[in-house]
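S.K.: Dropping the structure in here first, questions after.
The values are calculated or read from the model by the stated rules, or taken from the named source; none is laboratory data. Remember, it's a predicted structure, so these values are computed and weren't measured experimentally. Cβ: placed from backbone, ideal geometry, glycine included. Neighbour counts: every protein chain shown. Ligands, DNA and RNA are stripped out before the accessible areas are found, and what is left, the full protein with its side chains, is counted by its heavy atoms. Shrake-Rupley method; radii C 1.70, N 1.55, O 1.52, S 1.80 Å.
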Amino acid sequence: MPALTPQLALRLLVLGLGVVLVQVSAVSQITILGTNADLTPLVVAFVGLLCGSVLGATFGFVAGLFVDMALLQTLGLSSLVYIACGYGAGRLRELRDPAHTLTPIAVGAAATAVAGLGFSVIQFLLGVDAPVSWLLVRDILVTVAVNTIIALPVYSVVRRLLMPLLPDDPRRRRRRAYTTGGLSPISRA
């Protein structure tokens, strides 16, 4: 897990505030098949994927509070859901070392599905009078599909913002020695 430096904390705070402002002011105005993209679970999951489970869950909590305050919702509802998204993506990074190029697509789709289902279940448990129908399932599936399409560009932006402040991963550094021409015991003549 990378240490939380003041520069990283400031950059994460600006990223969280920026993604909520862009989501509320611009992205939520564009509808695709009756629903819109949701950038917040993508960014929370990608912060967890790059920084680890603790920073991912913390960023999810703060981003959720920003979302709840911006939309005047029940305070803490989004935080609870985004904590799960950030922590889950961070644990994937810590346990599996996902180095495949398509990992952000799968993580983005999973985080969006968890967020959509989590919001639905929590709203149902809180007793919000909203009809539960196939339209809800369709909206969740379309949002997952749209977020899956935009996952790689969002991941590249988050990675570009955070990577200069993150230390190198020793597991990747060790593996890189063999792929860049390092001597292997098998190749000795």
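S.K.: Which number in (1) among the aliphatic types (A, V, I, L, M); (2) free of Cβ contacts under 8 Å to residues at least 24 places away in the same chain; (3) open to solvent by less than 80 Å² (accessible area, probe 1.4 Å); (4) assigned to a helix (DSSP H, G or I) marks the one condition that ALA115 misses?
M.R.: (2)
S.K.: Going by what's in this entry, would VAL22 be described as under 18 Å from ASN147 (Cα atoms) and surrounded by 20 or more Cβ atoms within 10 Å (Cβ to Cβ)?
M.R.: no
S.K.: Taking ILE83 as the residue in question, decide whether it is modelled with pLDDT of 90 or more, open to solvent by 30 Å² or more (accessible area, probe 1.4 Å) and within 15 Å of VAL158 (Cα to Cα).
M.R.: Spelling it out, it is not the case that ILE83 is modelled with pLDDT of 90 or more, open to solvent by 30 Å² or more (accessible area, probe 1.4 Å) and within 15 Å of VAL158 (Cα to Cα).
S.K.: Name, by its number, the condition in (1) surrounded by fewer than 14 Cβ atoms within 10 Å (Cβ to Cβ); (2) in contact (Cβ under 8 Å) with a residue 60 or more places away in the chain; (3) within 17 Å of the chain's Cα centre (by Cα) that does not hold for ILE32.
M.R.: (3)
S.K.: Inspect all residues belonging to the range 114-128 and state whether any of them is over 25 Å from GLY16 (Cβ atoms) and in contact with a strand residue (DSSP E or B) (Cβ under 8 Å, 6 or more places away or on another chain).
M.R.: No, every residue in the range 114-128 fails to be over 25 Å from GLY16 (Cβ atoms) and in contact with a strand residue (DSSP E or B) (Cβ under 8 Å, 6 or more places away or on another chain).
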